[in-house]
Amino acid sequence: MPSTSSSEWNIPTDVFLYNDPSAKTLAIEEIASHIRGLFPGMRVEVRRDFISHHYRGSTEELAEKIARTKVRNVSDPFESFDPLLGEIRFEERLLERPESGISGVLYDATRLHLVLREMIPEEELSLQVVHAAFTSRLFGTYDIADARYHARVILCGYPSMISTSGIVEAPAKPREYYLMREKLRALGEDVPAEVLKEQIQGRFLDYDDPRMTEVMKGYSLQALFYAITHEPFCEDPECRLYNSHWQEEVLASQLGDKEFCDEHVSLIRRISDR
Ligand SMILES: [Zn+2]
């Protein structure tokens, strides 16, 4: 539950939204307008992608740093390694052409986060400033409970990272999808994901989905609430701050009739009145 005591709130003055130029259906200006509508007192600015905006150093150096955050084996805890030249070149190409997007690589969320964090200039590294960086990079965290990495949609912090591929890959698809896949595998058939996806069309968010912007409005607010109350998530599955684990929960919480639970409606009102 969020802190309802307003004395503990940290109200940011500035919100910087960083675009993911590879996400064709992400209308970042629309997300900015949504935040301005809810919190008229905050200055919301749209910027190009986080790295292009902040980084001025050597591309090769940064490519190596990012390559070092790659998860090599999803069932092992993170181990540092020396990236191969090919892996560094791959990252270089992605840095040179951020609009090319999706790479199929999984990065360790906290390590990738540290690389981005050190790019924020001192004057903008403040609790008063929210940095919400959309990225096509897929990142995950290692879960000791089931001894594997799980992809994430959002990692809150300074900056908060929101993944446009994580929203497709991290929340689980409807159960039929996995049952169908298992059944076909048992028959020795390796059916491409695209064919399986057709069977559950509309019930999950796909790459370049026309609903991407609407869904990402909620995740941007999670980043904002992390800064304000330190609690980005809500327990109400109809609230945009709900921490969805299933695709159908993402769609229900972000596209449903209700935008927020009563408690968050009142919190937003109290914050914007201050
Ligand atoms: Zn709520």
Quiz item: What value, in deg cm²/dmol to 500, does the helix sum -39500 (n - 2.57) over DSSP H runs of n ≥ 4 give at 222 nm once divided by the residues of the chain?
Solution: -11500 deg cm²/dmol
Quiz prompt | Most mobile listed residue (GLN199, GLN254, GLN128) in the chain, GNM with C-alpha springs under 10 Å | solution = GLN199
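By accessible area of protein heavy atoms, probe 1.4 Å, what ranking do ASP208, ASP49 get, highest first? Kindly include the intermediate steps, with their values, before the conclusion.
Working: ASP208 65, ASP49 25 Å².
Correct descending sequence by accessible area is ASP208, ASP49.
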Quiz prompt | Those GluC sites (Glu not before Pro) in the stretch 88-195 that DSSP places in a loop and that have at most 13 other beta carbons within 10 Å | solution = GLU118, GLU189
Quiz prompt | Principal axis box of the chain, alpha-carbon based, largest edge first, Å | solution = 60, 45, 35
Exercise. Using a Gaussian network model of the chain whose springs link C-alpha atoms within less than 10 Å, name the residue from ASP236, ASP209, ASP82 with the highest mean-square fluctuation.
Key: ASP82
Quiz item: If you project the alpha carbons of the stretch 56-188 onto their three principal axes, what span does each projection cover, largest first, in Å?
Solution: 57, 38, 30
Self-check item: Calculated log₁₀ intensity ratio I(q)/I(0) where the Debye formula runs over C-alpha points of the stretch 193-274, q = 0.15, 0.21, 0.25, 0.26 Å⁻¹
Solution: -0.56, -0.95, -1.23, -1.29
Quiz item: Scanning the chain for helices, which whole DSSP H stretches are 18 Å or more long along the axis (Cα) and average -1.0 or more by Kyte-Doolittle?
Solution: 212-229
Quiz item: So which chymotrypsin sites (Phe, Trp or Tyr not before Pro) in the stretch 77-111 end up in coil per DSSP with only 11 or fewer other C-beta atoms within 10 Å?
Solution: PHE81
Quiz item: trypsin sites (Lys or Arg not before Pro) within the stretch 122-214: which are DSSP loop residues with at most 16 other Cβ atoms inside 10 Å?
Solution: ARG203, ARG211
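Eight or more residues apart or on different chains, and alpha-carbon atoms under 18 Å: count the Lys pairs in the chain matching that. Numbers along the way, then the final one.
Numbers: LYS24/LYS217; LYS173/LYS183; LYS173/LYS197; LYS183/LYS197; LYS217/LYS258.
Lysine pairs meeting the criterion: 5.
The values are calculated or read from the model by the stated rules, or taken from the named source; none is laboratory data. These numbers come from a predicted model, not from an experiment. As a convention, Cβ positions derive from the backbone with ideal geometry for all residues, glycine included, and neighbour counts pool all protein chains shown. Accessible surface is based on the protein model in full, side chains and every heavy atom, while ligands, DNA and RNA are left aside. Shrake-Rupley method; radii C 1.70, N 1.55, O 1.52, S 1.80 Å.
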